[in-house]
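K.L.:
Got a structure for you, questions after.
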Amino acid sequence: MRRRIFGQTATAVVLGLLVPLSGCGTSAGGTGGGRPLRLVAAEYGDSPATGSEAYWSKVTGEFTAANPGIEVEVELLPWADIDREVTRMVKDGKAPDMALMGSYSDFAAQDRLYSADELLSVGAEANFLAPLAEAGSAGSTLYGLPFVASSRLLFYNEALFVKAGVKAPRTWSELKAAAKALKAKGVEYPYALPLGPEEAHAEAMIWELSNGGGYADSGGNYSLASERNIKTWKWVKDQLVAPGLTGPVPPSQLNRADAFAAFLRGEVGMLNGYPSLYHEARAKGIDVGTVAMPVSDTLGSTEAPPAVGVADWMMAFKQNGKRAEIGKFLEFVYRDENLAAFAGRYHLLPSTVSASRALAGGGGMDRTDTEFLTALRSAQLYPVNDPSWMAVSDTIKRNIGRAVEPGGDPEAVLEDMAAKAKRAGEER
């Protein structure tokens, strides 16, 4: 699962920055013969003011104070680099003790990770939200500990909808009608369709689920070229893209970050979004309406396919043999107050039942945040527990936009993607 929630916003400010966050700034007396625990974590902020260092400094300082002799240092890396860098560390025999990033299944397949039952108490392991625990499991064993998550809802600019005289759509035909009315009023992007390589796999999965399709069949096998998926992309191509209802930039060239920026400028009528975008838009004075993704007219508005859920994963590596120390630290990190503090800082959703309740009960969620949490409880996540998912997701990101290009053949594009996904699985 490539991220997506915040995107590739952290840059050279945090690249390669090793931050000692043990509370004392030295490794003397640390675990493992003087060596502190090492966590490589993605940077969730986009500026020094919103960076993750303050959070980790507080948590690790409090942890060391409560557990003298076990210190923790945190290396913060941009989302654009962390998957590659951690993979390199592991390949070079220098795996960190823990990593917080967007994928885990490669390492689990290589038997490099501790399982959750080797690290956490029974209560802590059972506390994860069910869809997240399922996505973090290989077979019946949990290896990817979900940390924070999000779900997707359809956003619409309420002022533009009032101007166009339309209401929130519930079906594809209503979405098309609203897009036509918005275009008639001069809205630049009636429906923003980001199928560029940054995060096309998210938008694609949203559309496919809304027609009863998706990436996998009931047996867990990839079904990228299913009949329902083919019908989905033929409809999108013929009914939205061809009539010019998706804006001036071809969907295959429109990245999510650019679509979001246009939404924040008031140029987008509708797009799929997540909690942080909602709060950023509200801060800019944009009134945002949210609804579940409209469903195909074949399904009908009474059916409710699952929303798309996205999560980031904490994992613990066996290489350095620090299972007991890692387990103590993770039990501390996953305390309600710590997990809720991180989720609230970035307008994300905690991964546990109790932290979600704590954040909601403490006033940290507004009505829309609660809608996202409700959607997450029954959401469908990417098949991140498949070791070939990173290769398959890259195939989707780089190719699905071709299905809606002028002269493009959705069926041929999806069948080509399916063949590549099959080869990726055979190469594992």
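The values are calculated or read from the model by the stated rules, or taken from the named source; none is laboratory data. In this text, all values refer to a predicted model and were calculated from it rather than measured experimentally. All Cβ positions, even for glycine, are placed from backbone atoms using ideal geometry, and neighbour counts span all protein chains on display. Only protein heavy atoms, including side chains, enter the accessible area calculation; ligands, DNA and RNA are left aside. Shrake-Rupley method; radii C 1.70, N 1.55, O 1.52, S 1.80 Å.
K.L.:
Among the residues of region 354-383, what is the count of those that are part of a loop (DSSP other than H, G, I, E, B) and either without any contact (Cβ under 8 Å) to a residue 40 or more places away in the chain or surrounded by 22 or more Cβ atoms within 10 Å (Cβ to Cβ) (or both)?
P.N.:
7
K.L.:
Another one. When only residues in region 177-200 that are of a type outside the set (D, E, K, R) and open to solvent by 10 Å² or more (accessible area, probe 1.4 Å) count, which is modelled with the lowest pLDDT?
P.N.:
Pro197
K.L.:
Mind checking which residues of region 218-234 are modelled with pLDDT under 95 and open to solvent by 70 Å² or more (accessible area, probe 1.4 Å)?
P.N.:
Those that are modelled with pLDDT under 95 and open to solvent by 70 Å² or more (accessible area, probe 1.4 Å): Ser218, Asn221.
K.L.:
Step by step: first the residues of region 358-384, then only those that are at pLDDT 85 or above and of a type in the set (D, E, K, R), then the one that is farthest from Leu129 (Cα to Cα). Which residue is that?
P.N.:
Glu371
K.L.:
Out of Leu339, Leu414, report the one residue that is at pLDDT 95 or above, touching a Leu at 6+ places or on another chain (Cβ under 9 Å) and more than 26 Å from Trp313 (Cα to Cα).
P.N.:
One residue alone meets the criteria, Leu414.
K.L.:
Can you tell me how many residues within region 136-156 are under 20 Å from the mean Cα position of the chain (by Cα) and closer than 30 Å to Ala281 by Cα?
P.N.:
Residues flagged as under 20 Å from the mean Cα position of the chain (by Cα) and closer than 30 Å to Ala281 by Cα within region 136-156 amount to 10.
K.L.:
Within region 112-125, track down each residue that is surrounded by fewer than 18 Cβ atoms within 10 Å (Cβ to Cβ), touching a residue at least 60 places away in the same chain (Cβ under 8 Å) and closer than 14 Å to Lys318 by Cβ.
P.N.:
Arg112, Glu118
K.L.:
Moving on. Within the bounds of region 1-10, is there any residue that is in a loop (DSSP other than H, G, I, E, B), surrounded by 23 or more Cβ atoms within 10 Å (Cβ to Cβ) and at pLDDT 95 or above?
P.N.:
Looking for residues that are in a loop (DSSP other than H, G, I, E, B), surrounded by 23 or more Cβ atoms within 10 Å (Cβ to Cβ) and at pLDDT 95 or above, one finds none in region 1-10, hence no.
K.L.:
Then there is this: Restrict the check to region 326-333 and report whether at least one residue is assigned to a helix (DSSP H, G or I) and under 25 Å from Ala283 (Cα atoms).
P.N.:
The answer is no, given that none of the residues of region 326-333 is assigned to a helix (DSSP H, G or I) and under 25 Å from Ala283 (Cα atoms).
K.L.:
Next question. Can you confirm whether region 389-403 contains a residue that is more than 20 Å from the chain's Cα centre (by Cα) and of a type in the set (A, V, I, L, M, F, W, C)?
P.N.:
The answer is yes; a qualifying residue exists.
K.L.:
Further question on the same structure: With respect to Glu174, is the statement that it is open to solvent by 30 Å² or more (accessible area, probe 1.4 Å), touching a Leu at 6+ places or on another chain (Cβ under 8 Å) and either assigned to a helix (DSSP H, G or I) or on the phi < 0 side of the Ramachandran plot (or both) true?
P.N.:
no
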